[in-house]
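A quick write-up on the structure given underneath.
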Amino acid sequence: MLTDKMTTDAEPIIYEIYNGDFIQGLIRGDIDRDSVIHYLQADALYLDEFAKIYAMLIAKTGSREMIKYLLGQMEFVFDGESGAHDTLAQAVGMPYEEIIESGEWFPSADHYIKHMYYNVYARGNIAFTLSAMAPCPYVYRRIAGLAMENNDFEEDHPYREWFEFYNNDMDATVGVMFDIIDNESQMMTEEVAVLRKNFMESAEHELRFFNMAATKERWMEVGVNA
Ligand SMILES: Cc1ncc(CN)c(N)n1
């Protein structure tokens, strides 16, 4: 199936993320708190856009079943992931609302979000956008799985619940997204390569997003950004 090829393509990126400063810092528990804050500021905005993109896909699909799935996923993004964010906010000892009030679309997050929006506007079939969205739940489930396999987190480890959430609660999201992509790709020929590239680019956007937080990436302080 196409999604088997996609996940095989992305494996080197999975290990690059897992062995990177952000995830290893969470595993050790000694990550720079400003990187966690940076991540939350970017991720709160990212998840809001992710939910809006689901809403745009609802407008592009006909099936009631698909609409119900997409609505459920919007709910999950808003409600489910807030627990993961709360774990990070508690670990840095700062109220979540205070952390995210000064958030903005930092460069790598901006690029990732626009990659998804481009597919919403430029493509009719929602499989193109879902292929760009699928690494979001897939990569996190894979990273959390590696972290849980390779570490025995103490009960009071500050980031244990973050890993447990993404290790346990992403199967439904990933499974249905992959089914839609595989089904839609059966009716395509050369456009399958675009689906595959959309997935690969978003897997790399996930890597860039974590590196963005680890380096506290910002726009240059010039002109309107000064
Ligand atoms: C950037 C990003 N990618 C994925 C996830 C997990 N849904 C997230 N919260 N943020």
Exercise. Only residues that are farther than 30 Å from Asp152 by Cβ and either surrounded by fewer than 16 Cβ atoms within 10 Å (Cβ to Cβ) or without any contact (Cβ under 8 Å) to a residue 60 or more places away in the chain (or both): list them for segment 163-192, please.
Key: Met177, Asp179, Asn183, Glu184, Gln186, Met187, Met188, Thr189, Glu190, Glu191
Self-check item: Selected residue (criterion: nearest to the chain's Cα centre (by Cα)) from residues of segment 155-193 that are farther than 14 Å from Leu70 by Cα and aromatic (Phe, Trp, Tyr)
Solution: Tyr166
Quiz prompt | Number of the exception - Ile17 against (1) surrounded by 13 or more Cβ atoms within 10 Å (Cβ to Cβ); (2) farther than 24 Å from Tyr118 by Cα; (3) away from the ligand (no atom under 14 Å from the Cβ) | solution = (3)
Quiz item: Scanning for something under 23 Å from Asp30 (Cβ atoms), more than 16 Å from the ligand (Cβ to nearest atom) and not in a helix (DSSP H, G or I), does segment 94-104 turn up at least one residue?
Solution: yes
Quiz item: What is the number of the single condition among (1) modelled with pLDDT of 95 or more; (2) over 29 Å from Thr189 (Cβ atoms) that Ala127 does not meet?
Solution: (2)
Quiz item: In segment 35-72, how many are in a helix (DSSP H, G or I) and more than 20 Å from the chain's Cα centre (by Cα)?
Solution: 7
Practice problem: Mind telling me which of the residues Glu75, Glu81 ends up being surrounded by 14 or more Cβ atoms within 10 Å (Cβ to Cβ), within 14 Å of the ligand (Cβ to nearest atom), among the acidic types (Asp, Glu) and assigned to a helix (DSSP H, G or I)? | Solution: Glu81
Quiz item: Which one is nearest to the ligand (Cβ to nearest atom), of the residues in segment 193-203 that are crowded, with 20+ Cβ neighbours inside 10 Å and within 29 Å of Asp32 (Cα to Cα)?
Solution: Ser202
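The values are calculated or read from the model by the stated rules, or taken from the named source; none is laboratory data. Quantities reported herein were computed from a predicted structural model and do not represent experimental measurements. Positions of Cβ are backbone-derived with ideal geometry, glycine not excepted, and every protein chain shown enters the neighbour counts.
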